[in-house]
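The numbers here are math on the coordinates, done by the rules we state, and not lab data. Values in this document were obtained by computation on a predicted structure and should not be read as measured data. All Cβ positions, glycine included, derive from the backbone under ideal geometry; neighbour counts span all protein chains shown.
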Amino acid sequence: DIGAYAAGRALGGARLAPQVSPNKTWAGLFGGVTCAVLVGGITAILLGLPRLWPLAAASAVVAILAQTGDLFESRVKRQFGVKDAGGIIPGHGGLLDRVDGHLFDGGLDEDADEDVVDAGAAGEDEGVDDVVDGLRGLTNR
C-alpha cells in the first residue's frame with residue numbers, strides 16, 4: 001500500500017478505476033507491485049534462499065490481489081453511498097480500509113506459503129513445480 005500510494009502521488013497518470021476509486025492510478029498499481037517484488041526478493045536474501053524469483057513472483061501476485069481487495073472495498077462503499085467504512089481511525093477511511101487489501105490475499109494458507117519458499121530453496125526442476133503449486137494455493141481461495 002505504501003509503495004502504491006507513493007508512486008501514485010509522485011507519478012500520477014491514468015486512473016486505474018475512476019468510477020470505483022478515483023484517486024488510484026496505474027502508476028500506483030505498478031509502484032505497489034514493484035515494492036512487493038523488491039520486499040519479496042530482499043526477504044529471499046535474508047532467508048538465505050538460493051533463488052529470489054519464486055518469492056518475488058508470489059509477492060507480485062499478493063500485491064495484485066491486495067489491490068483487488070482494496071478496489072472491492074471501495075466499490076462496496078460507493079454502492080452504499082458512504083465515504084468511510086467507519087470512524088474508529090479518523091482520517092483513514094475506517095478500520096476496513098486498513099485491512100481491505102487482505103480481503104483477497106487473506107486466504108493464503110500455510111501450504112501455499114511453504115510451496116513458494118520451497119521453490120526458492122529447491123533445485124531448478126523442483127522449484128518450478130513448487131512455485132506453480134504455491135501460486136495456485138495463493139489464487140485458489
Residues with amide H under 5 Å of Lys24's amide H, sequence separation 5 or more or different chain, H placed in the peptide plane at 1.01 Å from N; which?
Leu16, Ala17
At 7 Å along Cα-to-Cβ for each site, give me the label-to-label distance between Val39 and Arg51 in nm.
2.4
